[in-house]
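What follows is a short report on a single structure.
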Amino acid sequence: MLKFLKNRDFLVKLLLSYFLVFVIPFVAGLYAYYNGYSISLNNLKSYSKTIMTNLPSKINDVALRPLELIEESINASPFYLTLISNHNLLASKNEIILDIRNFTQQLMLYYTSPFILEIGIYIPFENIIITPNFFESSKLYYDYIVRPIDTDYLDWLNLLNKSYNRYFMPMSFLIRGQPRSTILFLHSLPYWTFQDKKATLFILLDEEKLNDFIKSNVIYENSNIYVLNSDNTTLTQYVPDKNIDSLLKDTIKNSFTENSLTEMKTKKDKIILYYKSDMYQWKYIIAISSQSFFKPINNMKIYLLLYFIFSLILGLPTIVLLSLKSYRPVDEIKNILVSKFKKQKFSYPYSEGIENIEDKSEMIKLKELASLLVAEEEFLRKQINEFLPTLQNWFLEHLLVGNIPSAISEKEVFEKYQIKFDSDLFMVILVEIYDCQNFELQKDITDYSFVRFIIFNILNEVLTSQNNKVYNVILGEKKLGIILNIVDHNDTVDSIVGRLEYGKNFIQSNFAILLTIGVSTIKKGISAINTCFEEAEKALSLKFISGNVKIYKFSDALSQLKDETLSFITPEMENRILECILNGNKASLEEIFKNIHSKIFVSDNIPIIQAKLLCVNLYILYENACRLINYKSSSELFKIIENEIITKTNTLTLDDLFFKIQDNFIRLAEFVKNNQLSFRFTLVEKVKTYIDEMYSDPNLSLSLIAEKFNITPQYLSSLFKEKTGQNLSDYITHLRIEKAKLLLTQTNYSVNEIALKVGYIYPNSFINVFKKKVGLSPTKYRTLYSSQN
């Protein structure tokens, strides 16, 4: 018999396949139908009991428990003492405005619950209502804020004057002009007693959202669910099956036992289960029609018969056709993908030949597309690897200068840039290229990229000798940074400086590259990298005192600059000097320099080193002022500074040097005065233009703009406020919000994309600022104004 079957024709084998594929599943389906009916009935009962066990606790957690917390918090609020001490609250409202504001801000916190539409407190003895945005009479509240639909003012007032203990009732309200179905929660506050009358807390719950929440917790869509209060009044209901709704209304009030789970059958075979909550006396009823529930199962019999007839007529020919045409290139696809991983170098020209695929058969298309996708993946990976050093340098540079928000300093963010620190100890080393004439390609053109390559490789070699990890940062053409992650906790600043000295001397003797290096202290934590950078900057600034081609530690800076106030011009002093120059006020400028000279050079008798550093700071301020008014700085003064301070010729006394700097400042003021210029207005306009161009930069700030225009942040802030009448930060925020409005109404960008385009890294920050300034969320603003346009 088996041999006979093996010699059968192809169609006979297909016939056997037909019985295996169609007939056996049909018989199994009939058996499953009759056996599954009883199982489904038991599952229906279990499902109903489960829903009625879990739903009340879920509603209590998300909607009712917050009401209890609000009630307890308000009842214990010290604001009650403020109210009871003022006999006429409306008349004395201005006197307690801060208390009112603090209390209303507390109320605003409760609006985070999605089910709460309004929170209010009714004070009966003065007939006033307090909400997060309202502190007036109940009449004004009824007329303009929230009004019960189909309830006049006296009935509403009478309702509020009664005594309640966590009572709920359904009521429709007109809230700020919009009709809403709500569940009104009323509770008398025991501590808020005024002349023997207790204040009433009322909260409006969004009945529609509660209904949606119930719907989301229902698995079987034809489950009718009713929620009643202690008076058997329906608070909300979800009734997809209208046929059983009228029947239940006659039975739900008297047919159940409190705090129990009860099954009930009607003449139409309905299953009803009832549950009553312990805390708020809410009653939950679920009703499911067994006929409706088993309708799909009953239809299964018809489908099975149709399936059998269809398979009998069309099944066999379909199997023949599909068998003749079927082809499964699974092995070929697998081999293509596996071969990709075995190849060390994949050179498939994925960008070529894609146009020729359309004319080929389906299976050939599939194989070639798989090859193209694999090649494209490899190409994209190479592109990412090419851009990674640039992205890594950008990230590390911003990390050094403190432009990376603290929220972004997380492990996974650093891993995106392939940055991994092995310990929490850090040091920053700043390297400045002083001279590298051997690498000049032609006159005034130096191959700094090759110079940087040499410096980084040699210094990295000496710094990683103790298993430390280094990350290189290009800060400028001639300025480099190294973030040293110290793994050996016994490593010290002196030992690291010793290795740096060896590397510096090696570079100098073998490549004739002269370097000046500033070294910070060792600090703990990623957040301290910016502090280390600032320390290294201060250490590097000692080159103005002691010369270049040296290594300076931050401890050197501390020992040589014991009193920083004697060496540096304070921001307030810089502001006064710049103000005199921009106004062309020569007399005031002379008075300022006279005071500096008499206090520092005459009275205090400061050390020569600090006096020279003061002159350097004055010269830097002079250069900034020249750029500010488009004035060509004095080359003669630069040579004097270079000769007297950097190369230390000492041909001038400190007094002579100070007065030469003073004379150059006086010339700036005379230049402004003689040309009748008004740079203060011009500067503000330049700043506004710069903000208009750069508002999309998340790093745009007062300090960044001040650095751009070479002035102190304090001076820029006061000048901008004086000329425009608003703070600079407010101006930036206003501009960003206006740009966002245009993008919301005139483009299809998402809110997240718009946030990035107007300078916000985090969409939540943008949404909060937009809502605060406009009064609407970005999404609501787009919906409202786009429809109007």
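Beta carbons closer than 8 Å, at least 6 apart along the sequence or on distinct chains, never pair a first residue in region 98-116 that is in contact (Cβ under 8 Å) with a residue 40 or more places away in the chain and not assigned by TED's automatic domain parsing to the domain that holds residue 202 with a second that is assigned to a helix (DSSP H, G or I) and not basic (Lys, Arg).
Just so you know, in region 148-174 the residues that are in contact with a helix residue (DSSP H, G or I) (Cβ under 8 Å, 6 or more places away or on another chain) and free of Cβ contacts under 8 Å to residues at least 60 places away in the same chain include one that is nearest to residue 81 (Cα to Cα), and it is 160. For region 769-784, state whether one or more residues are in contact with a helix residue (DSSP H, G or I) (Cβ under 8 Å, 6 or more places away or on another chain) and modelled with pLDDT under 85. Checked region 769-784: no residue is in contact with a helix residue (DSSP H, G or I) (Cβ under 8 Å, 6 or more places away or on another chain) and modelled with pLDDT under 85. Residues that are hydroxyl-bearing (Ser, Thr, Tyr) and surrounded by 13 or more Cβ atoms within 10 Å (Cβ to Cβ) were ranked within region 743-757; the one that is farthest from the chain's Cα centre (by Cα) is 745.
Answer yes or no: is there a residue in region 671-682 that is within 22 Å of the chain's Cα centre (by Cα) and modelled with pLDDT of 80 or more. Within region 671-682, not a single residue is within 22 Å of the chain's Cα centre (by Cα) and modelled with pLDDT of 80 or more.
Restricting 731, 760, 785 to those that are surrounded by 17 or more Cβ atoms within 10 Å (Cβ to Cβ), over 20 Å from the mean Cα position of the chain (by Cα) and aromatic (Phe, Trp, Tyr) reduces the list to 731. Filtering region 487-512 to residues that are of a type in the set (Asp, Glu), exposed (fewer than 14 other Cβ atoms within 10 Å of the Cβ) and closer than 15 Å to residue 551 by Cβ leaves only 494.
Condition check for residue 190 on (1) in a strand (DSSP E or B); (2) within 22 Å of residue 149 (Cα to Cα): one failure, at (2).
Of note, residue 172 does not satisfy the criterion of being in contact with an Asp or Glu (Cβ under 6 Å, 6 or more places away or on another chain), among the polar types (S, T, N, Q) and either assigned by TED's automatic domain parsing to the domain that holds residue 128 or in a strand (DSSP E or B) (or both). Just one of the listed residues (44, 83, 67, 89) is at pLDDT 75 or above, aliphatic (A, V, I, L, M) and surrounded by 14 or more Cβ atoms within 10 Å (Cβ to Cβ), namely 67.
Quick check on my filter: what residues within region 430-466 are in a helix (DSSP H, G or I), modelled with pLDDT under 80, over 26 Å from residue 526 (Cβ atoms) and not aromatic (Phe, Trp, Tyr)? Answer for region 430-466, where residues must be in a helix (DSSP H, G or I), modelled with pLDDT under 80, over 26 Å from residue 526 (Cβ atoms) and not aromatic (Phe, Trp, Tyr): 437, 438.
Pairs linking a residue in region 682-698 that is free of Cβ contacts under 8 Å to residues at least 24 places away in the same chain to a residue that is of a type in the set (Ser, Thr, Tyr), with Cβ atoms under 8 Å and 6 or more positions apart or on different chains, do not occur. Of everything in region 586-606 that's exposed (fewer than 15 other Cβ atoms within 10 Å of the Cβ) and not in a helix (DSSP H, G or I), which residue is modelled with the highest pLDDT? Selected residue: 605. Scanning region 450-490 for residues that are free of Cβ contacts under 8 Å to residues at least 12 places away in the same chain and of a type in the set (Val, Ile, Thr) returns a single hit, 464.
If you go through region 175-195 and keep only what is within 40 Å of the chain's Cα centre (by Cα) and without any contact (Cβ under 8 Å) to a residue 60 or more places away in the chain, you end up with 175, 176, 177, 178, 179, 181, 183, 184, 186. Does residue 710 fit the bill of being at positive phi and either assigned by TED's automatic domain parsing to the domain that holds residue 582 or in contact (Cβ under 8 Å) with a residue 12 or more places away in the chain (or both)? Taking the combined requirement at face value, the residue satisfies it.
Restricting the first member to region 502-525 and to residues that are within 24 Å of residue 426 (Cα to Cα) and free of Cβ contacts under 8 Å to residues at least 60 places away in the same chain, and the second to residues that are part of a strand (DSSP E or B) and not acidic (Asp, Glu), the beta-carbon pairs closer than 8 Å and six or more apart or on different chains are 504/515; 504/517; 504/551. Taking region 557-585 as the range and being modelled with pLDDT under 75 and either out of contact with any helix residue (DSSP H, G or I) (no Cβ under 9 Å at 6 or more places or on another chain) or not in a loop (DSSP other than H, G, I, E, B) (or both) as the test, the residues that pass are 557, 558, 559, 560, 564, 565, 566, 567, 570, 571, 572.
The values are calculated or read from the model by the stated rules, or taken from the named source; none is laboratory data. Remember, predicted model here, so these are calculated numbers, not experimental data. So basically every Cβ, Gly included, is an ideal-geometry build from the backbone, and we count neighbours across all protein chains shown.
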